[in-house]
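J.: Mind looking over this structure? Questions follow.
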Amino acid sequence: MNKKEKIRIIRLLLKQYEKDKNILNSLNHANLYPSINYEDYYQTSSSSKEDYLLHRIQLKQELTKRIIFIEKSQSIIGDEYYHIILEDYFFDH
């Protein structure tokens, strides 16, 4: 793997990390159990409601795993090296 490929991978990982944090933050602030009006409640099957809630829960779990992976990686390599990686590979000068 050459330097350009490594730079591309690191950029993709860090961009995905930021995106995941934003999505997880919005999911945490959104109402997990949305209110359902009376008419819609009887027109919507219970399985689709369950699927919706399960999908949101699974999405939150997946995002949390990815965020924890990046944050653990950062703590393992230390702040100094993490900032060097950011400066060298993520930010364009």
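J.: Lysines within cross-link reach of Lys72: Cα-Cα under 25 Å, excluding same-chain residues under 8 positions apart?
T.: Lys3, Lys4, Lys6, Lys15, Lys19, Lys21, Lys60
J.: Counting only the heavy atoms of the protein chains, how much of His29 is accessible to a 1.4 Å probe, in Å² to the nearest 10?
T.: The accessible area comes out at roughly 150 Å².
J.: Could you order Arg8, Arg56 by accessible surface area, starting with the largest, using a probe radius of 1.4 Å?
T.: In descending accessible area the options line up as Arg8, Arg56.
J.: Extending each Cα 7 Å along its Cβ direction at Ser48 and Ile84, get the distance between those two points in nm, one decimal.
T.: 5.5 nm
J.: Just order 71-82, 17-28 by mean Cβ neighbour count inside 10 Å, highest at the front, would you?
T.: 17-28, 71-82
The values are calculated or read from the model by the stated rules, or taken from the named source; none is laboratory data. If you're wondering where the values come from, they're calculated on a predicted model, not measured in any experiment. For neighbour counting, all protein chains shown are included, and Cβ atoms are generated from backbone atoms with ideal geometry for every residue, glycine included. With ligands, DNA and RNA removed, areas are computed over all heavy atoms of the protein, side chains included. Shrake-Rupley method; radii C 1.70, N 1.55, O 1.52, S 1.80 Å.
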